[in-house]
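**Student:** I have a structure here, written as structure tokens, and I will follow up with some questions on it.
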Amino acid sequence: MCFAFPGKILKIEGAEALIDYESETRTAHVISNEFKEGDYVLVQGKIVLEKIDSDDARRWLAMIHGRTG
Amino acid sequence: MEEPVETYFLKYAFPCTFVIRLRKQVDEPTFRKLEAAAMQGTPVDRAILENTYKKAFLRMKKIASEMGKDYWSPQVIREYFVNRHNAVIAEDEGYKEAPATLRELCRTEHATVVDERDGILVVQFGENRTRTVSKAFVPDAKTGDRVVIHYGYAIEVE
């Protein structure tokens, strides 16, 4: 994806993470040690940029997928 | 090499097209076209840009008449995105419904590069806030440079 999207880290193996975007799962590069499984993160251009608040991330994903409330 | 003003506009405008798409104010084909153009630095027809970013152009036209310039000039574009855009986000009804993270990302900030690696920059702004952003638009940026950040990108070096 070419601009930042929220997703949940399902698994980290070395420098790669499996990210759950609800509609799909995709891999992204992890370039820092600060992330762990279960974290909600911002991913852009296949790079995990930073961790984001989980409530915010869930609301954001709901917005993206057209769910209200 | 002078970059076309349409490209400059799109560098600032594209990251928030996400929000316009959520409001269903842009269709998928136009969105994909804008995305490709923003990533590759290719210019897009002014008519398409003005039709997609209607609110931005309304505001830019006002700024243009304040500044006595053509609204399609880099100075007007910069004035809007760097100095006025954040106030718009604070007041806009649509943004109020968005999660705080998204609203924050849509702001432009003046930031200093504190680290760079692997296609990203770590920047510091505000009161000791740090964010990781893409280097795609500023490939030559380095530690110590001042940049304008918007969404997940450093848009330009100041």
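**Student:** Which of the residues spanning the range B:99-116 are among the aliphatic types (A, V, I, L, M), within 12 Å of the chain's Cα centre (by Cα) and more than 15 Å from B:Phe14 (Cα to Cα)?
**Tutor:** If the condition is that a residue be among the aliphatic types (A, V, I, L, M), within 12 Å of the chain's Cα centre (by Cα) and more than 15 Å from B:Phe14 (Cα to Cα), then no residue fits.
**Student:** Shifting gears a bit: Take the range B:108-158 and flag every residue that is closer than 19 Å to A:Val41 by Cα, outside any strand (DSSP E or B) and open to solvent by less than 70 Å² (accessible area, probe 1.4 Å).
**Tutor:** B:Gly119, B:Lys135, B:Tyr151, B:Gly152
**Student:** Could I ask something else about it? Among the residues of the range A:51-63, how many are surrounded by fewer than 20 Cβ atoms within 10 Å (Cβ to Cβ), within 30 Å of B:Gln40 (Cα to Cα) and at the interface with another protein chain (Cβ under 7 Å from one of its Cβ atoms)?
**Tutor:** 1
**Student:** Among what's in the range A:29-50 and is of a type in the set (Asp, Glu) and within 11 Å of chain B (Cβ to nearest Cβ), pick the residue that is farthest from B:Phe18 (Cα to Cα).
**Tutor:** The qualifying residue farthest from B:Phe18 (Cα to Cα) is A:Glu34.
**Student:** Give the residues of the range A:1-14 that are of a type in the set (Gly, Ala, Ser) and either part of a strand (DSSP E or B) or in contact with a strand residue (DSSP E or B) (Cβ under 7 Å, 6 or more places away or on another chain) (or both), sorted by residue number.
**Tutor:** Selection gives A:Ala4, A:Gly7.
**Student:** Then there's this: List pairs: first residue in the range A:15-43 and within 15 Å of A:Arg58 (Cα to Cα) and in a loop (DSSP other than H, G, I, E, B), second residue open to solvent by less than 60 Å² (accessible area, probe 1.4 Å) and β-branched (Val, Ile, Thr) anywhere in the structure, Cβ distance under 6 angstrom, at least six positions apart or on different chains.
**Tutor:** Between residues of the range A:15-43 that are within 15 Å of A:Arg58 (Cα to Cα) and in a loop (DSSP other than H, G, I, E, B) and residues that are open to solvent by less than 60 Å² (accessible area, probe 1.4 Å) and β-branched (Val, Ile, Thr), the close pairs are A:Asp39/A:Ile9.
**Student:** Among the listed residues B:Ala38, B:Ala90, B:Ala100, identify the single one that is without any contact (Cβ under 8 Å) to a residue 12 or more places away in the chain, small (Gly, Ala, Ser) and within 12 Å of chain A (Cβ to nearest Cβ).
**Tutor:** Unique residue meeting the criteria: B:Ala100.
**Student:** Also: I'd like the full set of residues that are among the basic types (Lys, Arg), assigned to a helix (DSSP H, G or I) and open to solvent by 70 Å² or more (accessible area, probe 1.4 Å), limited to the range B:11-62.
**Tutor:** Across the range B:11-62, the qualifying residues are B:Arg32, B:Lys33, B:Arg46, B:Lys54, B:Lys55, B:Arg59, B:Lys61, B:Lys62.
**Student:** Find the residue count for the range A:2-21, including only residues that are in contact with a helix residue (DSSP H, G or I) (Cβ under 7 Å, 6 or more places away or on another chain) and over 19 Å from B:Leu105 (Cβ atoms).
**Tutor:** The qualifying residues number 0.
**Student:** What about A:Leu10, is it within 14 Å of chain B (Cβ to nearest Cβ) and of a type in the set (A, V, I, L, M, F, W, C)?
**Tutor:** no
The values are calculated or read from the model by the stated rules, or taken from the named source; none is laboratory data. Since the model is a prediction, treat every value here as computed from it, not as a measurement. No Cβ is skipped: glycine too gets one built from the backbone with ideal geometry, and neighbour counts run over all protein chains shown. Please note that ligands, DNA and RNA were not included when accessible areas were found on the heavy atoms of the full protein model with its side chains. Shrake-Rupley method; radii C 1.70, N 1.55, O 1.52, S 1.80 Å.
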